[in-house]
Amino acid sequence: MKTVSHWIGGKSVEGTSGELGPVTDPATGAVTTQVALASAEEVDTAVAAAKAAYATWGTSSLAQRTAILFRYRALLDARRDDIAALITAEHGKVHSDALGEVARGLEIVELACGITTQLKGELSTQVSSRVDVAAIRQPLGVVAGITPFNFPAMVPMWMFPLAIACGNTFVLKPSEKDPSAAVLLAELAAEAGLPDGVLNVVHGDKVAVDALLAHPDVAAVSFVGSTPIARYIHTTASANGKRVQALGGAKNHMLVLPDADLDAAADAAVSAAYGSAGERCMAISAVVAVGAIGDDLVARIRERAEKIVIGPGTDPASEMGPLITRAHRDKVASYVTGAAAQGADVVLDGTGYTVEGYEDGHWIGLSLLDNVSTDSDAYRDEIFGPVLVVLRAETYEEGVALINSSPFGNGTAIFTRDGGAARRFQLEVEAGMVGVNVPIPVPVGYHSFGGWKDSLFGDHHIYGNDGVHFYTRGKVVTTRWPDPADAPTGVDLGFPRNH
């Protein structure tokens with residue numbers, strides 16, 4: 001059986017811990033690959049390689065970095081089908097969705113290609129007699145990224161291209177559930193000319209994570225995952241003196257006003273709730289129907305959901321694939337089977353779904369729960385599967401209050417034809433990303449991604465300007481060069497004066 005190895009110092013490195021993890025094809029349930037799980041010592045080896053590479057990469061020219069990144073972008077574009085195939089094989093999402101993931105990751109590589117403008121400093125001349133003040137940004141050193149299973153290519157590309165463009169070196173710890181895409185990303189970076197040790201990949205579980213969080217040579221940690229782990233990452237890494245951006249979970253709401261185009265709202269709800277089998281932190285998992293439109297909206301959502309084709313990601317006819325693991329599939333199903341007892345109307349129950357010829361796959365159908373209460377498990381928890389809950393509100397104000405009472409604040413959306421209501425919503429709602437008639441408001445690469453409340457721990461959002469600032473630190477340089485005509489001024493112990 002194939003073993004996925006680490007990538008350290010510009011080459012594939014076999015694991016030495018003796019610990020291996022299974023990698024499963026979610027469509028069949030079969031273990032197809034195993035992945036080496038790093039020990040703390042192996043993490044140390046990767047960090048040491050990154051630290052050694054930083055000695056030269058940190059002072060490399062912007063021209064050198066961008067030349068490599070442009071070549072890297074071309075290689076990623078040429079190999080996007082291969083990357084997507086690895087994602088489908090190990091995550092299970094359909095090939096078209098996997099291609100979309102690669103495309104969104106490429107946006108950040110393109111942003112990194114333009115790092116020369118992002119790293120321009122500021123200069124104030126003649127702030128005092130022959131005194132200039134310059135503000136510059138410099139890299140941090142060795143930085144680490146810990147990424148989730150649901151986007152095994154895109155989320156790593158949210159991190160390391162910007163980090164290395166800023167002059168840092170990087171240690172990536174991808175999800176051990178679908179590790180192969182990350183290795184291919186590193187191999188292509190080496191092919192593009194990235195020096196050995198600038199980008200390293202170590203696989204592992206909590207042992208590897210904790211080793212990165214505690215390592216004295218790791219200056220910063222980026223993380224995307226569930227809220228409990230994001231909180232742990234932030235607390236632990238911060239206690240060890242590291243800069244941290246930790247993006248957590250979500251319960252994204254879509255507020256539908258009575259004047260909305262209900263067909264467009266239903267299309268958006270189905271697409272945003274069930275795409276990628278609901279395994280998205282930006283999935284719409286709760287629809288809030290305002291006024292008398294609830295029954296009509298639910299009927300339209302059901303009509304569309306019943307037509308979604310579920311099957312293996314390699315089948316071009318499939319619109320939704322399986323869930324990542326059997327255990328996750330069973331957990332998602334438990335929210336549906338327990339919903340009626342907590343007062344919900346089960347409009348669609350997908351828990352008994354199977355695919356002929358793939359009976360051992362991690363399959364679940366689409367579920368739709370109506371009249372869900374805010375104290376039910378299906379509403380309170382991030383399910384991370386194809387389960388959409390519908391809540392009712394009498395007024396706009398009641399709907400916004402419901403959304404703002406959630407502990408999560410990742411993304412949200414409003415569907416309406418009323419520009420005034422939309423403007424009010426984007427100012428009043430407590431979430432980091434807002435869509436107006438856009439169900440999944442993931443920002444483009446040159447803006448930044450991140451939520452509020454329990455959806456983000458740390459001060460910086462990811463990629464965009466926030467990403468550049470996270471991977472650099474500011475320095476202000478005040479300079480006076482004496483003029484040949486100056487006479488000595490003598491010693492002055494007073495406070496420095498600017499006039």
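The values are calculated or read from the model by the stated rules, or taken from the named source; none is laboratory data. Nothing here was measured: the structure is a model prediction, and the numbers come from that model. Reconstructed Cβ throughout: ideal geometry from the backbone, glycine too, with neighbour counts over all protein chains shown. Calculation scope for accessible area: heavy atoms of the full protein, side chains included, ligands and nucleic acids excluded. Shrake-Rupley method; radii C 1.70, N 1.55, O 1.52, S 1.80 Å.
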How much solvent-accessible surface does S5 expose, in Å² to the nearest 10, with a 1.4 Å probe and all protein chains in place?
-> 20
Sort M320, M1 from largest to smallest accessible area, using a 1.4 Å probe on the heavy atoms of the protein chains.
-> M1, M320
Could you state the number of Å between the C-alpha centres of the stretch 140-184 and the stretch 278-314?
-> 32
With label points set 7 Å from each Cα along the Cα-to-Cβ direction at R473 and E397, the distance between them in nm comes to 4.9
Sequence of E279, E107, E41 when ordered by accessible area, the most exposed leading, probe 1.4 angstrom = E41, E107, E279
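How compact is the stretch 100-252 by the rule of thumb for globular proteins, expressed as Cα Rg over 2.2 N^0.38 Å? Please list the in-between numbers first.
On the way: Rg = 17.3 Å, N = 153, 2.2 N^0.38 = 14.9 Å.
Here the Cα radius of gyration is 1.17 times the empirical estimate.
Percent of accessible area on the chain owned by carbon and sulfur, 1.4 Å probe? Write out the running numbers ahead of the final one.
Values: 10840 of 20450 Å².
Of the solvent-accessible surface of the chain, carbon and sulfur hold 53 percent.
Pairs to check: K251/K307; K120/K475; K177/K453; K51/K242. Give those whose C-alpha atoms are more than 19 Å from each other in this structure.
Working: K251/K307 25 Å; K120/K475 13 Å; K177/K453 28 Å; K51/K242 16 Å.
Going by Cα-Cα distance, K251/K307; K177/K453 fall outside the 19 Å limit.
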How much accessible surface area, in Å² rounded to 10, belongs to the heavy atoms of D349 with a 1.4 Å probe?
-> 90
Area of W452 that stays accessible when all protein chains are in place (1.4 Å probe, Å², to 10) | 120
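Which of the peptides 290-299, 124-133, 144-153 is most tightly packed, and how do the rest follow, going by the mean number of other Cβ atoms within 10 Å of each residue? Can you show the working numbers first?
Values: 290-299: 17.3, 124-133: 12.5, 144-153: 25.5.
Peptide ranking by packing, descending: 144-153, 290-299, 124-133.
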Span-like helices, the chain: DSSP H, alpha-carbon axial extent 20 Å or more, mean Kyte-Doolittle -1.0 or greater, which ones?
-> 40-57, 62-78, 95-113
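Sorting H469, H447 by accessible area (1.4 Å probe), largest first, what list results?
Working: H469 85, H447 110 Å².
Reading off the accessible areas and sorting them downward yields H447, H469.
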Radius of gyration and Dmax for the stretch 265-394's Cα atoms, expressed in Å?
-> 14.0, 47
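With both bridge residues required to lie in the chain, what share of the DSSP beta bridges run antiparallel, to the nearest 5%?
40
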Computed over the stretch 92-196, the relative contact order (Cα-Cα under 8 Å, seq sep at least six) in percent reads 26
Please find the FRET efficiency linking Q126 to F70, where r is the Cβ-Cβ separation and R0 is fixed at 30 Å, and quote it to the nearest 0.05.
-> 0.20
GluC sites (Glu not before Pro), restricted to the stretch 325-432: which are DSSP loop and have at most 14 other Cβ atoms within 10 Å?
-> E356, E359, E394
Once the Cα gyration tensor of the stretch 371-476 is found, what semi-axes does its equivalent ellipsoid get, as square roots of 5 times the eigenvalues, in whole Å, sorted largest first?
-> 29, 18, 12
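Convex hull over the alpha-carbon atoms of the stretch 1-67: what's its volume per residue in Å³? Show your work: numbers first, answer last.
Numbers: hull volume 8.2 nm³, N = 67.
It is 122 Å³ per residue.
If you take the C-alpha gyration tensor of the chain, multiply each eigenvalue by 5 and take the square root, what semi-axes do you get, largest first, in whole Å?
43, 30, 19
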Extending each Cα 7 Å along its Cβ direction at D217 and M1, get the distance between those two points in nm, one decimal.
-> 3.3
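Would you mind calculating the gained length between D360 and K206 on full extension (0.36 nm times residue separation, minus the Cα-Cα distance), in nm to one decimal?
On the way: separation 154, 0.36 × 154 = 55.44 nm, distance 2.83 nm.
In short, 52.6 nm is gained.
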Compute the relative contact order of the stretch 407-493 as a whole-number percentage, counting only Cα pairs closer than 8 Å that sit 6 or more residues apart in sequence.
-> 26
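Quote the relative contact order of the chain in percent (integer), defining contacts as alpha-carbon pairs under 8 Å separated by 6+ residues. Intermediate values should be presented prior to the final figure.
Details: 1170 pairs, mean separation 91.2, N = 499.
Relative CO of the chain lands at 18 percent.
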